[in-house]
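Report on one structure; see the data block that follows.
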Amino acid sequence: MLPIAMVGSIGWPVVDRFRIGSTFAISPHGLFIAIGFMIGAWLFGRIAAARGVEERAISSIVLWSLIGAIVGARFFYVLAHWSEFAPKPVEALLIWKGGISLLGGIAGATIANAINIRRFGLRFFQVADALAAPLALGIAVGRIGDLIIGDHLGKPTSWLLAWRYSGGTVAPPFGCVKEFCQATLQGGRVQTLGRSGSELRDSVGAVISQGVGVHQTALYDMLLAWGLFALLWWFVKRPRREGLAALLFAIYYGCCRLLEDFLRIDKRFGPLTGSQWTALTVVLVCVALWAYLAVSKRPGPTTPPRTKIRRTAPDEPATEAPAPTG
């Protein structure tokens, strides 16, 4: 079995920084998050404009999404890992130390805009539906940075997509010395990672699991996010009850995180990680709301179908081309 697993495994040398000269360096993680955000913001602007949202409102939503995402991503990460920051609380403000939470960023952007959009007379789901597909696309692009730096590595495995270490300094909680990486985890467990494979041991040194590599959960998340984008892009081709696109995003991605995090080595609160508890709550609430809309059949706003945007003069608002008939 081992030779088969090795043939089927994947891997690449990780790069923690793109270096330009001897003084300037940029993190691939931050770079691709920024690229993903910009691509998502561009697509949101196109969709929202086609649905009659004014340019001033679009710019405001993008700005507050950025602010809310940064604050929320850091706040919820610190909240889940407070024991790491308790000795030096001021480090909670140093966003380049520690990490950030994707779900926390989504929550922060949602909270910021739930308040912001009221100034423009917009409905919550009117905006959320337009954001669903762009957000999925932004996540898919942003995860590329995680792959480059070797972030979100999971438990040892030898399955087809086992990620084999091929050199470089992988992201925390691992520390690497001479191509041997080790992470001390919750409960005194220790996971090692090297070119020869990975091993997870408990607090007394007994082997829990081992493999030719580890689960690369950022890769799984990226592939699932691309699938979600494709699903939403198809879903909004037809008129839909307002709110369904946003609920579809929340249910799909929430279920993805519930499953993915069982493969991670993140800190747990009981049987689940902080992200899993968040995702479980969101999924249950959204499923209940979808069921309520389906059963009640109450009349409500309907989103227009996804259609091409007509080109207009610079001083004219963008308009939708009429949906094809027949």
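The values are calculated or read from the model by the stated rules, or taken from the named source; none is laboratory data. In this text the structure is predicted, and so the values were computed from the model without any measurement. Note that we place each Cβ from the backbone using ideal geometry, even for glycine, and neighbour counts take in every protein chain shown. Side chains included, ligands, DNA and RNA excluded: accessible areas come from the protein's heavy atoms. Shrake-Rupley method; radii C 1.70, N 1.55, O 1.52, S 1.80 Å.
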Report, by chain and number, residues whose modeled amide H sits under 5 Å from the one on ASP261, excluding near sequence neighbours (fewer than 5 apart, same chain).
none
Can you compute 3J(HN,Hα) from phi for each residue in region 178-192, using the Karplus curve 6.51 cos²θ - 1.76 cosθ + 1.60 with θ = phi - 60°, rounded to whole Hz and x for Gly and Pro?
6, 6, 10, 10, 9, 10, 8, 10, 4, x, x, 6, 10, 10, 10
Over the chain, cysteine residues that find no other Cys C-beta under 4.7 Å are CYS255, CYS256, CYS286
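Put ARG189, ARG201 in order of accessible area, largest first, 1.4 Å probe: what do you get? Numbers along the way, then the final one.
On the way: ARG189 55, ARG201 90 Å².
From most exposed to least exposed: ARG201, ARG189.
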Report in % the part of the accessible area of the chain that belongs to carbon and sulfur, leaving out ligands and nucleic acids; probe 1.4 Å.
68 percent
Please work out how much accessible surface HIS152 shows to a 1.4 Å probe, ignoring ligands, DNA and RNA, in Å² rounded to 10.
50 Å²
Once fully extended, how much extra length lies between SER166 and VAL287, figured as 0.36 nm per residue of separation less the alpha-carbon to alpha-carbon distance?
39.4 nm
I'd like to check one number: the per residue accessible area of region 1-129, probe 1.4 Å, reported in Å² as a whole number.
60 Å²
Per the charge dipole of the chain (beta-carbon charges, Lys/Arg positive, Asp/Glu negative, Cα centre), the residue among LEU94, ALA294, ALA171 reaching farthest to the positive end is ALA294
Distance in nm between ARG298 and TRP159 label points, each 7 Å along Cα→Cβ, equals 4.2 nm
Alpha-carbon centroids, region 21-36 and region 113-152: separation in whole Å:
21 Å
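Any idea of the accessible area per residue across region 237-284, 1.4 Å probe, to the nearest Å²?
44 Å²
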Computed ³J(HN,Hα) along region 222-232: with the Karplus parameters 6.51/-1.76/1.60, θ = phi - 60°, integer Hz and x for glycine or proline, the list is 5, 5, 5, 5, 4, x, 5, 4, 4, 5, 5
HN-Hα couplings for region 37-50 via Karplus (6.51, -1.76, 1.60; θ = phi - 60°), in whole Hz with x for Gly/Pro, come out as 5, 5, 5, x, 5, 4, 5, 4, x, 5, 5, 5, 4, 5
Using the crude model of +1 on Lys and Arg Cβ and -1 on Asp and Glu Cβ, and no other charge, please compute the dipole size for the chain relative to its Cα centre, in debye to 20.
580 debye
Can you list the residues, at least 5 places off or on another chain, whose amide H is less than 5 Å from the amide H of ALA162, using H built in the peptide plane?
ILE10
Would you pull out the residues with amide H under 5 Å of ARG240's amide H, same chain only if 5 or more places away, H placed 1.01 Å from N?
THR303
Which entries of LYS155/LYS178; LYS237/LYS297; LYS178/LYS267 have Cα-Cα distances beyond 31 Å here?
none
